[in-house]
Amino acid sequence: MRISIAKRSASSAKDASSKVASPSSSSGASSRYPFTVEVSDNATVDDLKAAIASNVKSMYPDRQRLTFGDKKTVLESGDSLSKYGVRNDDTVFIKDLGPQIGWQTVFYIEYLGPIIFHYIVYNFPRIFYGMSFEHSEIQRRVYLLVMAHFVKRELETAFVHRFSHGTMPLMNVFKNSFHYHMLSGLNLAYWVYAPASGQGTALAAKLGNPLLMAIFTGVFLFAELSNLSTHITLRNLRPPGTRVRRIPHGYGFDIVSCPNYLFESLAWVAIAAMTRNLAAVLFLIVSSGQMYVWAIKKHKQYRREFPDYPKSRKAMIPLIV
């Protein structure tokens, strides 16, 4: 089966399903558009992407976004071309998504930033505050909990998560990392470990109530372990090397679609309540707001994809939304 590969323009959009007339180059001969590729009659979208990559070396599969027809239907990896009605001599349009970076690498970068910032600010206060001082019990506790959180996320990235999307645009890593590196990293560390709440200060005495510290620590650990449990549930839904999607069930999932976001938000509620610090509250609001947006999107996807999806489930907050 011969497929023409072209870049979509205002004029070409009207001819999205038109047959190939006189392509400017033969298959495999040139990287200029349009060109043609040969695939089997039962080829998949992945086969087509591989054929394109063999013609244009820089256009590796993860960099390609393929569409077909007047409705600009996106050809999803793993599907057959016949599912979208692509036939011999049809035209498929390609968009260059730009240089890509693996999602696993993105996660490593995002979570490493806060680990580094918290370590440096906590252990080298003279650099940031111009003085050395003894940290209070509340500061020591928060340091251990925050470091544990991000080390957990790094370990989950290595051993738990399976990613439905292999890559993202390289430049997006800077935007994504800012959220973690600055808000939960440098900004949170600078204000929480400041001399104002160091050992012997009135603020440290106010925050260091043993009972409250024990309660908030317990809530944090409960939330972290629950978050890990939900990540393991999601991992077990998807066989290795596939993009299979199933309805999740079990702990947390019977009440909300995204309990992993619910429990992560709860962990940061504990940190904000423990420190009573505006930097912690800011990160809680920003991170929970972003997770709420993701939860609503995933909840709607579940409902569209699975007709038998439980109607009683909310997106992120039990009984509310």
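Kindly indicate the residue of segment 270-321 that is of a type in the set (A, V, I, L, M) and over 30 Å from VAL192 (Cα atoms) and also surrounded by the most Cβ atoms within 10 Å (Cβ to Cβ) among those meeting that condition. Ranking the candidates gives ALA315 first. Only residues that are closer than 13 Å to LYS83 by Cβ and either open to solvent by 60 Å² or more (accessible area, probe 1.4 Å) or not in a strand (DSSP E or B) (or both) were counted across segment 32-46, and they come to 4. Is it the case that segment 198-221 has a residue that's outside any loop (DSSP other than H, G, I, E, B), open to solvent by 50 Å² or more (accessible area, probe 1.4 Å) and under 14 Å from LYS152 (Cα atoms)? So far as segment 198-221 goes, yes, one or more of its residues are outside any loop (DSSP other than H, G, I, E, B), open to solvent by 50 Å² or more (accessible area, probe 1.4 Å) and under 14 Å from LYS152 (Cα atoms). Number of residues in segment 246-269 that are crowded, with 23+ Cβ neighbours inside 10 Å and part of a loop (DSSP other than H, G, I, E, B) equals 2. Quick one: is LEU155 out of contact with any His (no Cβ under 8 Å at 6 or more places or on another chain) and more than 30 Å from HIS249 (Cα to Cα)? Considered against the rule, which asks whether it is out of contact with any His (no Cβ under 8 Å at 6 or more places or on another chain) and more than 30 Å from HIS249 (Cα to Cα), LEU155 comes out as no.
Evaluate segment 67-79: report whether one residue or more is modelled with pLDDT under 95, surrounded by 13 or more Cβ atoms within 10 Å (Cβ to Cβ), touching a His at 6+ places or on another chain (Cβ under 9 Å) and not hydrophobic (A, V, I, L, M, F, W, C). No, every residue in segment 67-79 fails to be modelled with pLDDT under 95, surrounded by 13 or more Cβ atoms within 10 Å (Cβ to Cβ), touching a His at 6+ places or on another chain (Cβ under 9 Å) and not hydrophobic (A, V, I, L, M, F, W, C). Against the definition (outside any helix (DSSP H, G or I) and under 24 Å from LEU155 (Cα atoms)), how does PRO307 come out, yes or no? So PRO307 fails the test.
Give the residue that is nearest to ASP89 (Cα to Cα), with candidates limited to residues of segment 47-63 that are open to solvent by 40 Å² or more (accessible area, probe 1.4 Å) and not in a loop (DSSP other than H, G, I, E, B). Outline the logic, then answer.
Going residue by residue through segment 47-63, those that are open to solvent by 40 Å² or more (accessible area, probe 1.4 Å) are 47, 50, 54, 57-58, 60-63.
Still in the running and not in a loop (DSSP other than H, G, I, E, B): 47, 50, 54, 61-63.
Details: ASP47: 16, ALA50: 18, SER54: 19, PRO61: 21, ASP62: 24, ARG63: 24 Å.
Ranking the qualifying residues of segment 47-63, first place goes to ASP47.
Of the residues making up segment 171-181, those that are in a helix (DSSP H, G or I), out of contact with any strand residue (DSSP E or B) (no Cβ under 8 Å at 6 or more places or on another chain) and not polar (S, T, N, Q) are PHE174, LYS175, PHE178, HIS179, TYR180, HIS181. ALA29 meets the conditions (1) under 28 Å from the mean Cα position of the chain (by Cα); (2) modelled with pLDDT under 90; (3) more than 20 Å from GLY166 (Cβ to Cβ) in every case but one. The failed one is (1). Residues that are buried (at least 17 other Cβ atoms within 10 Å of the Cβ), without any contact (Cβ under 8 Å) to a residue 40 or more places away in the chain and acidic (Asp, Glu) number at least 1 in none of the helices (runs of 4 or more DSSP H) confined to segment 92-170. The requirement of being open to solvent by 80 Å² or more (accessible area, probe 1.4 Å), on the phi > 0 side of the Ramachandran plot and modelled with pLDDT of 95 or more is fulfilled nowhere in segment 222-245; no residue meets it. A residue that is part of a loop (DSSP other than H, G, I, E, B), in contact (Cβ under 8 Å) with a residue 40 or more places away in the chain and farther than 30 Å from ASP62 by Cα occurs somewhere in segment 188-195.
The values are calculated or read from the model by the stated rules, or taken from the named source; none is laboratory data. All values reported here derive from a predicted model rather than from experimental measurement. So basically every Cβ, Gly included, is an ideal-geometry build from the backbone, and we count neighbours across all protein chains shown. Surface areas here come from the heavy atoms of the whole protein model, side chains and all, with no ligands, DNA or RNA. Shrake-Rupley method; radii C 1.70, N 1.55, O 1.52, S 1.80 Å.
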